Amino acid sequence: MKIAFFSTKSYDRESFLKHATDFGHEFSFLEPQLNRQTVALAEGHQAICSFVNDPLDAPNLKKLGEMGIQLIALRCAGYNQVDLEAAKKLGIRIVRVPAYSPEAVAEHAFALILTLSRKTHKAYNRVRENNFSLEGLTGVNIFGKMIGVIGTGAIGRAFCRIALGFGCKVLAYDVVENEEMKQLGVNYISLQEVLSQSHIISLHCPLTPETKHIINKETLSQMQDGIALINTSRGALIDTKAVIKALKTKKLGYLGIDVYEQEEHIFFKNLSEEILEDEQISRLMTFPNVLITGHQAFLTREALDQIALTTLRNITEFEKRKPLSNEVAFS
């Protein structure tokens, strides 16, 4: 099949070309994000492969349908960027990568925790300037802390295992409790109890209408003062304005995020020579206790390899008219 890849970087091309001969598909790697202007680049292809911040709303889907696109292969797990009702009406099938390397994201979440707790990013910058002072670098132990995990899917479970390995007490909230996690010592309790008892909270739930802004003014008020909040899941799980206020009042002691609710206008781009117009993320970056990475939690060799393999298998199943193992179900 001829496939148009949107929002591609060098690492995408490398990982997919590595497996190209095994599947026999024809690739067109496009750097631009999919939008109203670039959707026309899909002309002449049978399928597109899109990423997490490519908006597959009704107008874009309509254009794709008019060009004969029958399949959209998401090279990510989340699909909140897709208008599923519009796709269903147009007869466009949607497949995704439900799990690639849960450990990649879980390890990055813990990297944010460790960096914030021991201020290694600040120490690194100091030493590069020949400043070996330890003033202001006092950290906190992770051992023995109560870590709250919201969402225990594949990534949440991987995170729980790491936290348990550090000697933490793990509290979890999920609508479906996992028996394996319970046997390992994870204690499932209510969301309110997780919020009120945890020293650190890490978000690992999908973005749905129910979880949008799950961290808001009300839920922040239920947390202990000085709590650390980590988000490597979806940006819109957090109400950014409420979090900024919580940082200013010191309700939040630390914030580590790899995702941001307006990230589609910022992340995956080099804006070093431009003025950053997003006032909220600019404000977040002024806090010394905030650590932001640009949606890189997934970015490991192992994860990229699995994303490529799963995506190409999804496309091949469609081409051979086999049942689609990873199809996004329409309601």
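Would you point out the residue of the range 122-160, among those that are among the aromatic types (Phe, Trp, Tyr) and more than 24 Å from the chain's Cα centre (by Cα), that is nearest to GLU103 (Cα to Cα)?
Initial filter on the range 122-160 (among the aromatic types (Phe, Trp, Tyr)): 124, 132, 143, 159.
Next, from what is left, pick out any that are more than 24 Å from the chain's Cα centre (by Cα): 124, 132, 143.
On the way: TYR124: 25, PHE132: 34, PHE143: 20 Å.
Within the range 122-160, the match that is nearest to GLU103 (Cα to Cα) is PHE143.
For the range 74-91, give me each residue that is part of a loop (DSSP other than H, G, I, E, B) and open to solvent by 10 Å² or more (accessible area, probe 1.4 Å). First the steps, then the outcome.
So in the range 74-91, the residues part of a loop (DSSP other than H, G, I, E, B) come out as 75-81, 83, 91.
Listed by number, the residues that qualify are ALA77, GLY78, TYR79, ASN80, GLN81, ASP83, GLY91.
Which of (1) in a loop (DSSP other than H, G, I, E, B); (2) modelled with pLDDT of 95 or more does PRO206 not meet, given it meets every other one?
Answer for PRO206: the failing condition is (2).
Cβ-Cβ under 7 Å, sequence separation 6+ or interchain: first residue in the range 176-189 and within 13 Å of HIS204 (Cβ to Cβ) and free of Cβ contacts under 8 Å to residues at least 60 places away in the same chain, partner open to solvent by 50 Å² or more (accessible area, probe 1.4 Å) and among the basic types (Lys, Arg). Which pairs?
ASN178/ARG157; MET181/ARG157
Just to be sure I understand the filter: pairs with C-beta atoms under 9 Å, separated by 6 or more residues or on different chains, first member in the range 126-151 and open to solvent by 100 Å² or more (accessible area, probe 1.4 Å), second member among the hydroxyl-bearing types (Ser, Thr, Tyr) and in a helix (DSSP H, G or I). Which pairs pass?
Between residues of the range 126-151 that are open to solvent by 100 Å² or more (accessible area, probe 1.4 Å) and residues that are among the hydroxyl-bearing types (Ser, Thr, Tyr) and in a helix (DSSP H, G or I), the close pairs are ASN141/SER117.
Applying the selection to the range 42-73, what residues are of a type outside the set (A, V, I, L, M, F, W, C), open to solvent by 10 Å² or more (accessible area, probe 1.4 Å) and in a helix (DSSP H, G or I)?
From the range 42-73, those of a type outside the set (A, V, I, L, M, F, W, C) are 43-46, 50, 53-55, 57, 59-60, 62-63, 65-66, 68, 70; that's our starting set.
Now drop any that are not open to solvent by 10 Å² or more (accessible area, probe 1.4 Å), which leaves 43-46, 53, 55, 57, 59, 62-63, 65-66, 68, 70.
Residues satisfying the conditions are PRO59, LYS62, LYS63, GLY65, GLU66.
Checking LEU195 against (1) in contact with a Gly (Cβ under 8 Å, 6 or more places away or on another chain); (2) open to solvent by 10 Å² or more (accessible area, probe 1.4 Å), only one condition comes out false. Which one?
Among (1) in contact with a Gly (Cβ under 8 Å, 6 or more places away or on another chain); (2) open to solvent by 10 Å² or more (accessible area, probe 1.4 Å), LEU195 violates only (2).
Here are some residues: GLU277, GLU302, GLU273, GLU261. Which one is touching a strand residue (DSSP E or B) at 6+ places or on another chain (Cβ under 8 Å), open to solvent by 20 Å² or more (accessible area, probe 1.4 Å) and either touching a residue at least 40 places away in the same chain (Cβ under 8 Å) or outside any helix (DSSP H, G or I) (or both)?
Numbers: GLU277 fails: touching a strand residue (DSSP E or B) at 6+ places or on another chain (Cβ under 8 Å); GLU302 fails: touching a strand residue (DSSP E or B) at 6+ places or on another chain (Cβ under 8 Å); GLU273 fails: touching a strand residue (DSSP E or B) at 6+ places or on another chain (Cβ under 8 Å).
Among GLU277, GLU302, GLU273, GLU261, only GLU261 is touching a strand residue (DSSP E or B) at 6+ places or on another chain (Cβ under 8 Å), open to solvent by 20 Å² or more (accessible area, probe 1.4 Å) and either touching a residue at least 40 places away in the same chain (Cβ under 8 Å) or outside any helix (DSSP H, G or I) (or both).
The values are calculated or read from the model by the stated rules, or taken from the named source; none is laboratory data. In this text, all values refer to a predicted model and were calculated from it rather than measured experimentally. All Cβ positions, even for glycine, are placed from backbone atoms using ideal geometry, and neighbour counts span all protein chains on display. Protein only, heavy atoms only, side chains kept; ligands, DNA and RNA dropped before computing areas. Shrake-Rupley method; radii C 1.70, N 1.55, O 1.52, S 1.80 Å.
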